[in-house]
Each structure stands twice: as C-alpha cells, then as structure tokens.
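**Q** Below are the structure tokens for one structure; questions will follow.
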C-alpha cells in the first residue's frame, strides 16, 4: 500500500464503492506508484516482462530529464529495453498510426513522457495489442484515460486507446520539473467543479446520465490544493502527491463512468477551439494552461446563473450553414448532426422553461452544493503563478471571444456555454478586445 497513493489504494485493491451503483469499483490498471524516488522501488510489472522484447518510447526532452533514472530503476529490476527517442512528433491520428506500424514487433511499450507522448503511446500499444507501462515525466490525466485526443484532418477526435498496465510517478523528478508544467497540471485538475456542475445540470435538464463518484474521489485533494497551491513550486512532496493523485483520478474518472464527462465539459470546449482554429497564431500554450483560464470563465458563468432565482431559455437560430462556415463542407454535416442532440426546437424550449419554472429553486440548491467560488480557483492559480487570463496565454481578446462564442458548437455536451446562448447572455462573458 503506497504512502502517497491515498484513495487510489482503495481503487487498486477494489475496496471503493461506487456512489451510483453501490458496487465495488474495479479498474484495469494493475499498478500505480507514487514515491519520492523510484530508484529503490521493486516494480510488480517487471516480473512479467523479464526477457521479453521491450521498447522505451520517449520524447527528447522527457528522456533528457528522466530517462537515466528510469533506465537505472529498470536495470535494478532486471529489465532490458531498446530505446526510441521521438525528436519530432505530432498528436495526429496519421502520425500515431504510422508509428504503430513501425513498432509492431515489440511485446511491451515503456513510455517516458507526459501528455502528447503518452497519448501517442496509448494509441500505438492499443493498435498493436502491446502491454503499456508509463513513467510520467510530468503530470497528465492522459495517463489514466481510456481514450486519447488526436487530430484527424484538423479536428480533435477522441479515439479509444490502451489503458496502461502500470503508471509510475517520481516526486523527486516532479520537484525538478519546469514550473510551467506543474502550473499547467494544476490548471487542468481545477476543472472538477465546472465539469460537475455542467454534467449535473445536463442531468437535471436533459436527463443525461450522471454519477458523483469520480468527483467524490477528488474532493479531499482538491480542497488541499486550493489551500496549498503555492507549495507546488516549493517542492513539497505532500502537495506534489496531491496534485499527482488528482491528475490520475481525473483520468480514472473516465474509466469509472465510461466517458470523459467528469473531466471535460465547457472549459475543455474552449481549449479545444483554441487548438483547432488558431493555426499558426497558436502561442504554444499548454493544454492545462488553457483549461485553467477557461475554467475561471465557466465558473463565473455557473456562479452567476445559479445565484439567479429564475432561468428562462430562448430559441436559437442555428442551422447547418453556420457549421459549413466553421468546419467546411467535409465536416459540417457530421458536426451539425452531433450538435442537434442538444439543440432545442420550440417545443423543447417550452418543455425546458416549464421544468425550470417548477424546479429551478430546487435545482439551484443541488448545484450549489458542488459549486466552487471562482475567486478560490483564481487564488490557487495565482499563488502558483499560473495563467488566469487570455492575456497570460498571449491569446488576443478577439480570438478568445470567438472561442467563447463558438465553442459550444464543437460537441454534443450540454454546458453553461449553451445556457449562456439560450439565455442570450453570452455577450456578457466576452473579454476586452
């Protein structure tokens, strides 16, 4: 039982019960390690891959900062590996498919990396039916998810992938990680409240599935991080461990509920829009940096709407022409069909408004229970030195407003971006240009 694993110990030994089904939760990850140093750790997974054909797959930077330590720890566990360093790579489906074809002769993939390299490795190992063991050079919820986000013809696509057999985090390595990566990790995990409020609201209004379990797993670590975020850059092991746990739990949520609703809602739509449409103007901001700033915006929306005693929707005039202008002829039909599942015609608007008139006061109480004050999120990010505005991201107000206005069109997930449109208040949330 790992000292730094916290509630993850219960998930690994099968003793944590779902709040929804009351049944014990089982996750397919066999081993998760969070230790101050991995040099003297005896891994369980290495007994399985002894004398097999193993490949270490890593990005250049990740290997430079963490490769030597991983190699030393594997050597102590009697594991030999070949090494492939990706000097250049892209998180596209085509790149991942080509790489998978070139690595099909290995039995096991051992990844040293973070978000993008982990995504690529998960796709490769899934396509080739290989075992996957991840040494996180920095923190990424991608380590534990059952899907990866890859570009396919310019559009972010969620692709089914391999869930790792083992995940290893070295806190000493994290302590020496670039501060920007740690700040980005914090920005990524503080979307717990916005995801939960978006998803629960969708459940209350549209009767979509909802499960509190993945959020409940994060409450304790979230409260700790909100109070102690400044200690992340001080190298405090307990704080780094809390950030590690919450990052992993953010991904494990997708395993528990079978979707990414518990970790990717309105705030992620804004981030996806930035990645999809900024093109050469993209400032190379990190995923977590973008999500952190977008989380602040969605949190403001949620707090303001939930404080209002009334809520009433209006009809929207959305047709396929809007999608053609945004996505082009090849993708517009697909994107429009996807969007229509949450598009309300006149009858649906009447039904929703009747529901709101009768139940909004009760819904507000249910939602407020899980709401975080926006200032708490801002304070935690500021004390860690993280981005809190589009100016921090070096994204113009004009483009950021475009993302705020259009991102609700990207997926079928109902969020407070949709509510801002249906209540004709989206303009109130635009930033100064």
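**Q** Considering only residues that are surrounded by 14 or more Cβ atoms within 10 Å (Cβ to Cβ) and within 21 Å of residue 177 (Cα to Cα), which ones fall in segment 18-40?
**A** 32, 33, 34, 35, 36, 38
**Q** Let me ask something additional. Looking at (1) farther than 27 Å from residue 154 by Cβ; (2) at pLDDT below 95; (3) buried (at least 18 other Cβ atoms within 10 Å of the Cβ), find the lone condition where residue 48 falls short.
**A** Here residue 48 meets the rest and fails (3).
**Q** For segment 267-284: of the residues being buried (at least 23 other Cβ atoms within 10 Å of the Cβ) and in contact (Cβ under 8 Å) with a residue 40 or more places away in the chain, which is nearest to residue 427 (Cα to Cα)?
**A** 270
**Q** Say whether the condition of being outside any strand (DSSP E or B) and closer than 16 Å to residue 32 by Cβ is met by at least one residue in segment 115-133.
**A** yes
**Q** Exactly one of these conditions fails for residue 83: (1) buried (at least 21 other Cβ atoms within 10 Å of the Cβ); (2) at pLDDT 95 or above. Give me its number.
**A** (1)
Per-residue answers, yes or no, for (1) buried (at least 16 other Cβ atoms within 10 Å of the Cβ); (2) within 24 Å of the chain's Cα centre (by Cα):
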{"site": "363", "(1), (2)": "yes, no"}
{"site": "368", "(1), (2)": "no, yes"}
{"site": "374", "(1), (2)": "yes, yes"}
{"site": "392", "(1), (2)": "no, yes"}
{"site": "427", "(1), (2)": "no, no"}
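**Q** Does any residue of segment 143-166 turn out to be part of a helix (DSSP H, G or I), touching a helix residue (DSSP H, G or I) at 6+ places or on another chain (Cβ under 8 Å) and modelled with pLDDT under 90?
**A** Looking through segment 143-166, at least one residue is part of a helix (DSSP H, G or I), touching a helix residue (DSSP H, G or I) at 6+ places or on another chain (Cβ under 8 Å) and modelled with pLDDT under 90.
**Q** Additional query: Could you list, in sequence order, all residues of segment 65-79 that are surrounded by 13 or more Cβ atoms within 10 Å (Cβ to Cβ) and more than 13 Å from residue 42 (Cβ to Cβ)?
**A** Step one: of segment 65-79, the residues surrounded by 13 or more Cβ atoms within 10 Å (Cβ to Cβ) are 65-67, 69-71, 73-74, 76-77, 79.
Residues satisfying the conditions are 65, 66, 67, 69, 70, 71.
**Q** Take the conditions out of contact with any strand residue (DSSP E or B) (no Cβ under 8 Å at 6 or more places or on another chain) and either at pLDDT below 95 or not assigned by TED's automatic domain parsing to the domain that holds residue 289 (or both) and apply them to residue 332. Does it pass?
**A** yes
The values are calculated or read from the model by the stated rules, or taken from the named source; none is laboratory data. The model shown is predicted, which means the values in this text are computed figures rather than measured ones. Positions of Cβ are backbone-derived with ideal geometry, glycine not excepted, and every protein chain shown enters the neighbour counts.
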